[in-house]
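Heads up: the structure comes next, in structure tokens.
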Amino acid sequence: MQSGDRRPIAARETAPAARVAGWLIRRGASPNGISIAGMAAGIGAGLALAGIAWWPEAARPLWLLAALLVQARLAANLLDGMVAIGRGVASPVGELYNEVPDRVSDTAVLVGLGIAADGAVALGLAAALAAMATAYVRVTVRSAGAPSDFGGPMAKQHRMAVVTGLAIFCAVTPVGWQRIGETHLAVVVLAAIALLSALTAWLRLRRAALRLAA
């Protein structure tokens, strides 16, 4: 990761994050390795979500596992940059490890949620494509000379917070609470992610166009 282009994350300034990052730095941890570990967690979360449809009798523990793995993915996203800067090894190559695993993780989680949502795979793919569009616009406008825009309303941290909240809710509530009529809440969440991610991409593009035209 390049140190001058970082997503603003409030947790980065907390003492627990600093302690964990310091521990990793002292042991010479690879920031790129942390990024890959985050991608593995994202893929694992997607598989756990898909497993809810495949093994409905294990739905509750799988919802919880998915929530934990989504948060592990976000923790890796937080720590890779902190370790890269702390070790003085931030580089353009790190940007590849920062961006590509994120796209894989987003796709795995959202498609997995689509499988869990009564097999709404197409909706999961739509949400994943919309999420990818937010990153594509951010990278494109930066290459055009505008500053990176990490704004929402459905940036990565917002998408993963919504998925985590849904997973915890479904893990601890009666099955009957997880539907609105015949529609699973996961379908509603995916639709919201898809629509708001598309809006996020458009807003980022619009803000960049205004900056570049000024």
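The values are calculated or read from the model by the stated rules, or taken from the named source; none is laboratory data. This one's a predicted model, so the numbers in the text were calculated from it and none came from an experiment. We place every Cβ from the backbone using ideal geometry, glycine too, and count neighbours over all the protein chains shown. The accessibility values were calculated without ligands, DNA or RNA, using every heavy atom of the protein model including side chains. Shrake-Rupley method; radii C 1.70, N 1.55, O 1.52, S 1.80 Å.
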| How many residues, within the range 176-214, are outside any loop (DSSP other than H, G, I, E, B) and open to solvent by 70 Å² or more (accessible area, probe 1.4 Å)? | 13
| query | How many residues, within the range 117-128, are open to solvent by 10 Å² or more (accessible area, probe 1.4 Å) and touching a residue at least 60 places away in the same chain (Cβ under 8 Å)? | reply | 5
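Restrict the check to the range 154-174 and report whether at least one residue is touching a strand residue (DSSP E or B) at 6+ places or on another chain (Cβ under 6 Å), assigned to a loop (DSSP other than H, G, I, E, B) and open to solvent by less than 10 Å² (accessible area, probe 1.4 Å).
Looking for residues that are touching a strand residue (DSSP E or B) at 6+ places or on another chain (Cβ under 6 Å), assigned to a loop (DSSP other than H, G, I, E, B) and open to solvent by less than 10 Å² (accessible area, probe 1.4 Å), one finds none in the range 154-174, hence no.
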| Of the residues in the range 56-99, how many are more than 18 Å from the chain's Cα centre (by Cα), free of Cβ contacts under 8 Å to residues at least 40 places away in the same chain and part of a helix (DSSP H, G or I)? | 4
| Conditions: (1) hydrophobic (A, V, I, L, M, F, W, C); (2) in contact with a strand residue (DSSP E or B) (Cβ under 8 Å, 6 or more places away or on another chain); (3) surrounded by fewer than 16 Cβ atoms within 10 Å (Cβ to Cβ). Residue 139 meets all but one. Number of the miss? | (2)
